[in-house]
Amino acid sequence: MKTIIKIAIAALFGFAMMTTTLSADAAKGQKLYSKYMKDVCGFSGAKFAASHTQDEWEEINTAGKFADEVKVICPGISDAYKDAWSGYLYDFSYEYASDSGNVPSC
């Protein structure tokens, strides 16, 4: 009985952590854009994310070309861009894409 309770508690904890992580990615991407890219790019995160639709962002990311597309949209970031940002910025871009109806605060 103790084993079943331990497994159930571990599963609940795992689900709680997973949902927290999933909801935090777009917010972290927005923070990264605001802190490191906004001044370099010269435009808001809303304009950056709205440069493509959700389907287009998904296609770019699936093809492994997300970092390249970021550098095309914002050429000034080429030297400072870190590949570790890609996942967070993708979530941000997808969440606030031109067809999403969402508008970021940055």
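Scanning region 34-48 for residues being in a helix (DSSP H, G or I) and over 14 Å from N102 (Cβ atoms) gives a total of 8.
For every residue, the table says whether it meets (1) surrounded by 13 or more Cβ atoms within 10 Å (Cβ to Cβ); (2) assigned to a helix (DSSP H, G or I); (3) among the polar types (S, T, N, Q).
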position	(1), (2), (3)
L32	yes, yes, no
E56	yes, yes, no
S86	yes, yes, yes
S93	yes, yes, yes
S105	no, no, yes
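Here is the figure for region 62-84: residues that are surrounded by fewer than 17 Cβ atoms within 10 Å (Cβ to Cβ), under 16 Å from the mean Cα position of the chain (by Cα) and of a type in the set (S, T, Y) total 1.
The single residue among S51, S23, S100 that is loosely packed, with under 14 Cβ neighbours inside 10 Å and either assigned to a loop (DSSP other than H, G, I, E, B) or at pLDDT below 95 (or both) turns out to be S23. Taking residues in region 48-77 that are farther than 13 Å from Y33 by Cα, and partners anywhere that are among the acidic types (D, E) and surrounded by 13 or more Cβ atoms within 10 Å (Cβ to Cβ), the pairs with Cβ atoms closer than 7 Å and at least 6 places apart or on different chains are I60/E69. Applying the set (1) at pLDDT 95 or above; (2) of a type outside the set (D, E, K, R); (3) not in a helix (DSSP H, G or I) to A80 leaves exactly one unmet item: (1). Do we find that K35 is basic (K, R) and either in contact with a helix residue (DSSP H, G or I) (Cβ under 8 Å, 6 or more places away or on another chain) or at pLDDT 95 or above (or both) in this structure? Criteria met by K35.
The values are calculated or read from the model by the stated rules, or taken from the named source; none is laboratory data. The structure displayed is predicted, hence computed values, not measured ones. Note: ideal-geometry Cβ built from the backbone for every residue, glycine included; neighbour counts use all protein chains shown.
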